[in-house]
Amino acid sequence: MMAFRYLRARRQEGFISVIAWFSLLGIALGVATLIIVMSVMNGFRQELLSRILGLNGHMSVYGAAGRMENYDPLAARLKKLPGVVSVSPMIEGQVMVTARNVAQGAVVRALNPDDLRGREIISSNLQSGSLENFGGKDGLVIGDRLARKMGVAVGDKITLISPKGSVTAFGTVPRLKAYRIAATFQIGMFEYDSSFIFMPIEAAQLYFKLPGAITNLEIFIENPDNAPGMVRTVSREAGATFRVHDWQRANASFFNAIQVERNVMFLILTLIIVVAAFNVISSMIMLVKDKGRDIAILRTMGATRGSIMRIFFIAGASIGTIGTMAGFGLGLSFAQNIESIRQWIQGLTGSELFAAEIYFLSQLPAIVDFGEVIAIVSMGLVLSFLATIYPSWRAARLDPAEALRYE
């Protein structure tokens with residue numbers, strides 16, 4: 001009762017109350033910001049990971065000189081390995097796409113029609129058309145952003161130009177061939193939606209002049225995190241003439257950069273809570289100084305040093321606890337509705353806050369990790385409690401005679 005009474009300052013103590021309120025606000029904002037940023041970083045990593053692993057194999061086996069012939073026996077052996085889900089032959093190459101006087105570079109990935117239909121990230125994110133029309137020698141599936149940029153739709157034709165041309169008596173002539181668009185997809189990752197083209201593998205073997213050959217085998221396994229450990233097993237089964245790469249090695253710099261940024265953001269935002277904790281210390285020290293006469297009277301009436309310490313500890317801890325709980329509620333509600341808030345702010349300001357060209361994703365993701373949230377809330381409470389120890393100890397050590405003499 002006395003601790004909360006001291007927090008409700010009278011008119012002449014208004015400045016102390018203002019500092020206490022700012023301390024509470026600082027802790028709340030620090031905890032909320034930390035929860036929001038960590039959730040966004042978790043969502044950003046998870047969304048990128050799900051799209052990269054949904055579209056690309058967990059491991060890839062490459063042949064010598066960029067081509068693999070007689071690959072079916074090897075694919076059958078690899079599929080029998082423990083933990084392997086599927087093995088897909090693939091041809092990958094770079095081309096120039098032209099249509100309606102627009103040209104752009106793109107990546108062609110050739111798969112068997114059944115393998116492409118088995119990629120759920122593609123089959124469940126079709127914008128137009130159907131995968132039933134994917135096949136033959138001229139049916140393509142392209143990204144929706146690429147189609148819009150080229151000004152084409154399902155049923156239209158685009159021309160692919162290969163940089164590796166055909167050698168003639170008049171020199172090297174680029175290979176040109178027109179293909180029909182069977183379907184468009186949008187998986188929400190800018191790089192894939194704006195530059196990926198899927199082609200039937202038979203058509204790609206004709207276009208890239210790889211009769212009966214492919215460029216690599218894509219392997220999907222049960223647990224993607226086990227890919228680095230399975231590289232040696234796959235390499236032993238494939239033989240010394242083949243190279244094996246896992247998804248972590250292929251995207252190591254990308255995910256390392258995200259992890260470093262996440263750790264740095266955590267350290268920087270933790271300083272907000274630390275600064276707010278120092279504000280708690282300063283406000284409590286000023287409160288102890290202002291209540292010196294009251295402490296002296298309580299001591300002369302029989303209050304022990306322990307009870308005085310408890311009064312001021314509860315007063316300071318209340319600021320930290322209320323601030324941390326307020327930040328917890330604010331951060332959690334903000335993180336769970338961050339995409340709606342982004343859309344509202346964009347509509348209000350008329351500016352784009354999350355450009356897909358820069359951040360690779362078309363939506364702002366957020367995944368709340370309750371283990372991290374508990375750690376953040378615990379850290380806020382611990383720092384708040386630590387900040388009240390010294391002012392409380394100072395109040396308990398106050399000499400009643402000295403305090404009443406100065407008063």
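Worth pointing out:
- Qualifying lysines (Cα of each under 28 Å from Cα of Lys79; at least 8 residues distant if same chain): Lys137, Lys209
- Relative frequency of Cα-Cα separations exceeding 27 Å in the stretch 11-142, percent: 49 percent
- Counted as membrane-span-like here are DSSP H helices of the chain whose alpha-carbon atoms extend 18 Å or more along the helix's own axis and whose Kyte-Doolittle mean is 0.5 or above; these are 14-55, 252-290, 305-336, 370-396.
- Value of D in µm² per second that Stokes-Einstein yields for the chain, Kirkwood Rh from Cα pairs, at 4 °C (1.567 mPa s): 50 µm²/s
- Shown for Thr321, Thr388: other C-beta atoms within 10 Å of each C-beta, ranked fewest to most, produce the order Thr321, Thr388.
- Between the stretch 252-316 and the stretch 65-129, the C-alpha centres lie 58 angstrom from each other.
- Shape annotation for the stretch 140-286: C-alpha extents along the principal axes are 91, 47, 34 Å, from largest to smallest.
- Kirkwood hydrodynamic radius over Cα pairs of the stretch 74-215, then Stokes diffusion coefficient at 37 °C and 0.692 mPa s, in µm²/s: 209 µm²/s
- Segment Phe254-Lys209, length gained on full extension (0.36 nm per residue, minus Cα span): 12.9 nm
- Only the Cβ atoms of Lys and Arg (+1) and of Asp and Glu (-1) were treated as charged; on that basis the dipole of the chain about its Cα centre amounts to roughly 780 debye.
Read the figures in this text as sums done on the coordinates, not as results from a lab. As the structure is a computational prediction, the values presented were derived from the model and not from experiment. So basically every Cβ, Gly included, is an ideal-geometry build from the backbone, and we count neighbours across all protein chains shown.
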